[in-house]
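Chemist: The structure follows.
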Amino acid sequence: MKKLAAAIVGYKIIPFFILAFTAVAGLNPYFLTSYNVSSLLMQMSTYGIAALGLSFLLIAGYLDIAMGSVIAFSGVLLGILMRSSPFLHANFIIPSGIVLLVCALTGLAISFFVTILEVDSFVVSLCAMTFLRGAALVMANRKPVPINSDAFAALSQQLIGPVPIIFILFFALVLISEYLLSWTAFGRNLFAIGGNREIAGMAGINTRINGVLAYVAYYVLAGVAGLVLASRMNSGTPIVGTDAPLSIIPMLILGGTALSGGKGGAIKTLFGCAFLSLAFNAMSLFGIPSNLQDMVKGAIILVIIVSGKMYENRELKV
Amino acid sequence: MGEGSGRARLVVFMGRNISLLFLLALILIGCAGSPVFMTAKNILNVLRQSSVTGILACGFGLVFLMGGFDLSMGAILSLSSCLVIGVMKSSGFAEGLAIALAAGLAIGAANGVLINITKGDTSETFLITLGISLVCFSISTTYTNGYNLYYDSNGLETVFASIGQSYVWDIPVPVVLFVALLAIFQVVLKTTLLGRRIYLVGGNKKASFLSGIDVAGIKTLVFSLSGLCAGIAGVVMASRTTAAGPRIGEGYEFDACIAVIAGGMKIGAGKGGMVNVLVGTAILGILTNIMNLTGTDSVFQIMIKALILLLMVSLDSAKLAPSGVPAEKA
């Protein structure tokens, strides 16, 4: 019984999501058309995959805002690799693998500063964000790199019923992440580190290696998100993803991941992501002009961040 | 630290003054690399170019001392530049100036109030100011319809043009403004009760609260001042370039952040002051100048700045490690 109560409190996003879903579906007849559903699923998958990666980091108590630049960087890198030789162009799996490897190595390099030198993770991510964005712009010569591969673009166009393949990929990644976080020693260690790093260290958990792994997972997943976006646009664009940090972090907070670390989960992130995407989709459906949408988005994001933290800190005096 | 061999003391001295050494090295590189570097014209140029960043860094420095980041400064700068030109065109200079500065102050105060509601630490200041910058950006886009605003400087408002373009005894007015802000903030920090409290809140929020300091009030005040600085910087920028736009200030908060960290400030350490802001702004200004003189591409410049910021923060945390004090996470 206690376990059930804890589960309800932990997953309170799900009833909210169902409520919002029924409300929007009831109010707008266009919402449940298969076109809108598949475009909504498609839209949430890109940032959703990156959000999934960020869950690992936030659970371990680190904060990072470089995902938007990683998304742009991986897309541009893929475009350049595909352009470089006809063989790579024909077999997009190989350049995609190389891109993810580069992302993993970048994550490894970044994690050195955070876990070994113990620099504040946010400041490091600020540097990484700026540097990778610059790298993407320089590599792409400041304009989109065309990919022009029908096979690669088809990945993001194929549907099974109304469900895009990309969403199935996203869902599979959610399940894998949930397994890693909830059922393995790695996941348990991350929760312990995020809860209290010093005590986790004293209890014999190698905080550095687990931190490094979390960083690698985050950078690889952000790279996957970049590949998905590149497939959707059929080009590697250096300026995509500038709004990523402020779209993705609220998804996590909505899902119930605490900024202070030690709380969260992949399925929670999935629902947080679905809820926020639903809200933004509804704004477009109800015809709110785009300038105003930005303002409403900003306001929603602030409300989410502020209220999430307010609830978390409700017992503190200052 | 008084005891110990001369070499150990030298290491300690270098560790403490790494920013000054870095500044010195940059000046030497500049002198050696380019014959124009040490000319009066170039020095004035560096001063004028770094004054906007410097004014931002003054506000950023205050927030940083108190244990926070203000990432909304670039967006506030854009908004205030749009407001000063837009309102001036329709009503007049005084109204434009007043509204631009008031907007900066109000948005800064909003930052402070929201952060107080969350009772948050450093990571909340990141996210909330980032969120506010999104709101700010959409306000300025709505106000200008997404276009840039231009102002004909040959027109009526000579006072407005003089803010960014004229000189006081051969010194550009933006530089005078920057130095004046530095001096005022330094005096407030070092000699007044308010200044002492800002240091205390940065050093230990809980202890300051328990000893009766109005932590929330101080936070709101400091964020408002930082917003005001961004507002001033926006007016200066609009006057200097006679143009304004919703994206004009993009990336400036990053520059201010680099200046403050490069100047040797450390978050929540309760140490440092406007001298560090001055040193950091000089480092950034000279670095930019050297890169401009050597014709470095603007994107490369940003990448180099990011690497330098990373280097600086790494050195800073490595500096603490040998003394047995690990960089504690708040």
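The values are calculated or read from the model by the stated rules, or taken from the named source; none is laboratory data. For clarity, every value in this text was computed on a predicted model and none was experimentally measured. For neighbour counting, all protein chains shown are included, and Cβ atoms are generated from backbone atoms with ideal geometry for every residue, glycine included.
Chemist: If A:L259 satisfies all but one of (1) within 21 Å of A:S307 (Cβ to Cβ); (2) in contact with a Pro (Cβ under 8 Å, 6 or more places away or on another chain); (3) in a loop (DSSP other than H, G, I, E, B), what's the number of the condition it fails?
Modeler: (2)
Chemist: Let me ask something else about it. Which condition does A:S69 not pass, out of (1) at pLDDT below 90; (2) closer than 25 Å to A:G272 by Cβ; (3) polar (S, T, N, Q), if it passes all the others?
Modeler: The single condition A:S69 does not satisfy is (1).
Chemist: What are the residue pairs meeting all of these: first residue in the range A:127-155, first residue more than 14 Å from every other protein chain (Cβ to nearest Cβ), second residue part of a loop (DSSP other than H, G, I, E, B) and crowded, with 16+ Cβ neighbours inside 10 Å, Cβ atoms under 7 Å, and 6 or more apart or on different chains?
Modeler: Going by the 7 Å Cβ cut-off, the qualifying pairs are A:P144/A:T237; A:I147/A:N234; A:N148/A:N234; A:S149/A:F92; A:A151/A:F92; A:F152/A:F92; A:A153/A:N234.
Chemist: Okay, next question. Would you mind telling me which numbered condition in (1) within 14 Å of another protein chain (Cβ to nearest Cβ); (2) of a type in the set (V, I, T); (3) under 16 Å from the mean Cα position of the chain (by Cα) A:V228 fails?
Modeler: Unmet condition: (1).
Chemist: Let me ask you something else. How about the range A:138-187: which of its residues are part of a loop (DSSP other than H, G, I, E, B) and touching a helix residue (DSSP H, G or I) at 6+ places or on another chain (Cβ under 9 Å)?
Modeler: Applying the first criterion (part of a loop (DSSP other than H, G, I, E, B)) to the range A:138-187 yields A:140-144, A:147-149, A:155-158, A:161-162, A:184.
Of everything in the range A:138-187, those that are part of a loop (DSSP other than H, G, I, E, B) and touching a helix residue (DSSP H, G or I) at 6+ places or on another chain (Cβ under 9 Å) turn out to be A:A140, A:R142, A:P144, A:I147, A:N148, A:S149, A:L155, A:S156, A:Q157, A:Q158, A:G161, A:P162.
Chemist: Restricting to the range A:97-119, count the residues that are β-branched (V, I, T), free of Cβ contacts under 8 Å to residues at least 12 places away in the same chain and more than 15 Å from A:R197 (Cα to Cα). Steps first, answer last, please.
Modeler: Step one: filter the range A:97-119 for residues β-branched (V, I, T), giving A:98-99, A:102, A:106, A:110, A:114-116, A:119.
Checking which are free of Cβ contacts under 8 Å to residues at least 12 places away in the same chain leaves us with A:119.
Imposing the further condition that a residue be more than 15 Å from A:R197 (Cα to Cα) reduces the set to none.
Counting residues in the range A:97-119 that are β-branched (V, I, T), free of Cβ contacts under 8 Å to residues at least 12 places away in the same chain and more than 15 Å from A:R197 (Cα to Cα) gives 0.
Chemist: Just checking, does the range B:268-281 include any residue being within 30 Å of B:K89 (Cα to Cα) and within 12 Å of chain A (Cβ to nearest Cβ)? Talk me through it step by step, then tell me what you get.
Modeler: So the first thing to find is which residues in the range B:268-281 are within 30 Å of B:K89 (Cα to Cα), and the list is none.
So far as the range B:268-281 goes, no, none of its residues is within 30 Å of B:K89 (Cα to Cα) and within 12 Å of chain A (Cβ to nearest Cβ).
Chemist: Please specify each residue of the range A:142-161 satisfying the condition of being β-branched (V, I, T) and within 18 Å of A:M42 (Cβ to Cβ).
Modeler: We begin by selecting, within the range A:142-161, every residue β-branched (V, I, T); these are A:145, A:147, A:160.
Answer for the range A:142-161, where residues must be β-branched (V, I, T) and within 18 Å of A:M42 (Cβ to Cβ): A:I147, A:I160.
Chemist: Further, regarding this structure: Is there any pair with a first residue in the range B:115-126 that is more than 7 Å from every other protein chain (Cβ to nearest Cβ) and surrounded by 22 or more Cβ atoms within 10 Å (Cβ to Cβ) and a second that is part of a helix (DSSP H, G or I) and hydrophobic (A, V, I, L, M, F, W, C) whose Cβ atoms are under 6 Å apart and which are 6 or more apart or on different chains, and what are they?
Modeler: B:I115/B:I128; B:T125/B:I115
Chemist: Take A:L117 and tell me if it is at the interface with chain B (Cβ under 7 Å from one of its Cβ atoms), surrounded by fewer than 22 Cβ atoms within 10 Å (Cβ to Cβ), farther than 21 Å from A:L88 by Cβ and not β-branched (V, I, T). Lay out the reasoning, then the answer.
Modeler: On the way: at the interface with chain B (Cβ under 7 Å from one of its Cβ atoms): yes; surrounded by fewer than 22 Cβ atoms within 10 Å (Cβ to Cβ): yes; farther than 21 Å from A:L88 by Cβ: yes; not β-branched (V, I, T): yes.
Judged against the criteria, A:L117 is a match.
Chemist: For A:E198, work out the one condition from (1) without any contact (Cβ under 8 Å) to a residue 24 or more places away in the chain; (2) charged (D, E, K, R); (3) buried (at least 18 other Cβ atoms within 10 Å of the Cβ) it doesn't fulfil.
Modeler: (3)
Chemist: So B:L130 ticks every box in (1) within 18 Å of B:C229 (Cα to Cα); (2) away from chain A (no Cβ under 14 Å); (3) under 20 Å from the mean Cα position of the chain (by Cα) but one. Which box is left unticked?
Modeler: In the conditions (1) within 18 Å of B:C229 (Cα to Cα); (2) away from chain A (no Cβ under 14 Å); (3) under 20 Å from the mean Cα position of the chain (by Cα), B:L130 misses (2) alone.
Chemist: Let me ask you something else. Please go through the range A:201-226 and pick out each residue that is of a type in the set (A, V, I, L, M) and within 19 Å of A:F112 (Cα to Cα). Talk me through it step by step, then tell me what you get.
Modeler: Filtering the range A:201-226 down to residues of a type in the set (A, V, I, L, M) leaves A:202-203, A:205, A:209, A:212-214, A:216-217, A:220-222, A:224-225.
Across the range A:201-226, the qualifying residues are A:I205, A:I209, A:V212, A:L213, A:A214, A:V216, A:A217, A:V220, A:L221, A:A222.
Chemist: Taking the condition of being closer than 14 Å to A:G265 by Cβ and outside any helix (DSSP H, G or I), how many residues in the range A:46-63 meet it?
Modeler: 1
Chemist: List the number of the failed condition for B:I55; all other conditions in (1) of a type in the set (V, I, T); (2) more than 30 Å from B:D121 (Cβ to Cβ); (3) surrounded by 12 or more Cβ atoms within 10 Å (Cβ to Cβ) hold.
Modeler: For B:I55, the exception is condition (2).
Chemist: Then there's this: For the range A:26-47, indicate whether the set of residues that are surrounded by 24 or more Cβ atoms within 10 Å (Cβ to Cβ) and among the β-branched types (V, I, T) is non-empty.
Modeler: yes
Chemist: Something else about it: May I ask you to list the residues in the range B:31-51 that are in contact with a Leu (Cβ under 8 Å, 6 or more places away or on another chain) and surrounded by 20 or more Cβ atoms within 10 Å (Cβ to Cβ)?
Modeler: B:S50, B:S51, listed by residue number.
Chemist: Continuing with the same structure: Looking at the range A:1-48, which of its residues are over 22 Å from the mean Cα position of the chain (by Cα) and closer than 26 Å to A:Q158 by Cβ?
Modeler: A:A25, A:Y30, A:F31, A:L32, A:T33, A:S34, A:Y35
Chemist: Another question, then. Of the residues A:I168, A:I253, which single one is touching a strand residue (DSSP E or B) at 6+ places or on another chain (Cβ under 8 Å) and either within 14 Å of chain B (Cβ to nearest Cβ) or without any contact (Cβ under 8 Å) to a residue 12 or more places away in the chain (or both)? Walk me through how you get there before you give the answer.
Modeler: Numbers: A:I253 fails: touching a strand residue (DSSP E or B) at 6+ places or on another chain (Cβ under 8 Å).
Step by step, each of A:I168, A:I253 is checked, and only A:I168 is touching a strand residue (DSSP E or B) at 6+ places or on another chain (Cβ under 8 Å) and either within 14 Å of chain B (Cβ to nearest Cβ) or without any contact (Cβ under 8 Å) to a residue 12 or more places away in the chain (or both).
Chemist: So which pairs qualify, if the first residue must be in the range B:174-190 and under 14 Å from B:C229 (Cβ atoms), the second must be among the charged types (D, E, K, R), the Cβ gap must be under 8 Å, and the two must be at least 6 apart or on different chains?
Modeler: Listed by first residue and then by second, the contacts come to B:P174/B:R48; B:P174/B:R240.
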